[in-house]
1. To the nearest 0.05, what FRET efficiency results for residue 179 and residue 66 with a Förster distance of 35 Å applied to their C-beta separation?
2. To make sure I understand, if each residue's beta carbon is the centre and we count other beta carbons within 10 Å, what order do 136, 114, 105 fall in, fewest to most?
3. Between residue 79 and residue 38, what length comes free when the chain is fully extended (0.36 nm per residue of separation minus the Cα-Cα distance, one decimal in nm)?
4. Can you give the relative contact order of the chain as a percent, counting alpha carbon pairs under 8 Å and 6+ residues apart?
5. Could you line up 61, 127 from fewest to most neighbouring Cβ atoms inside 10 Å?
6. Starting from the Cα of residue 102, step 7 Å along the direction of its Cβ; do the same at residue 31; then give the gap between the two resulting points in nm.
7. When the helix-only estimate is applied to the chain (DSSP H runs of n ≥ 4, each -39,500 (n - 2.57), divided by the residue count), what is the mean residue ellipticity at 222 nm, nearest 500 deg cm²/dmol?
8. Can you put 108, 148 in order, fewest other beta carbons within 10 Å first?
């Protein structure tokens, strides 16, 4: 089972990102689970969402406390206490940032891949909503789920010009990161299981 925690701010599509990931898992015949955790329900407030992906039914219902992956939709959240808590040894962090991966990794003392997801979204969608660009980059880095599955679930959620722009966005975002850099093998997936 792969466990992912997504950190963002209200209005960035944090919860949508989690649901899209779980839906993409279903598209591939796997099991997916997604749910949010809200603090103050206002635009700009920190929001967490949790995702689990497994080849077997998922029985856990608790928050993801020990994620294999963190997706952080706002670089400033790296400085919020608790955001990186519980990340498994060797766990990976994907961040929406205009800073390079090398600069962010050096500043934070962690292995981080960055992508200017908000900037790409602003250019293509007209709004700096980083969620679909980050998912595309994450799917490309890990190979956990495919770009085709992401495109399918976007087609279920969006229509017309919004859909076309999102499809363009995920294509461009996928080109921003090295494919398979964080490739997850089946043995690694099995080692991420914390309990049945």
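Coordinate-derived values only; no laboratory data. Please read all numbers here as calculations on a predicted model, not as lab measurements. FYI the Cβ positions are ideal-geometry reconstructions off the backbone, even for glycines, and counts take in every protein chain you see.
1. So the FRET efficiency works out to roughly 0.85.
2. Fewest-to-most ranking of 136, 114, 105: 105, 114, 136.
3. Roughly 12.9 nm would be gained on extension.
4. 21 percent
5. Going from least to most buried by this count: 61, 127.
6. Modelled inter-label distance: 4.4 nm.
7. Counting only the DSSP helices, I get -11500 deg cm²/dmol.
8. 148, 108
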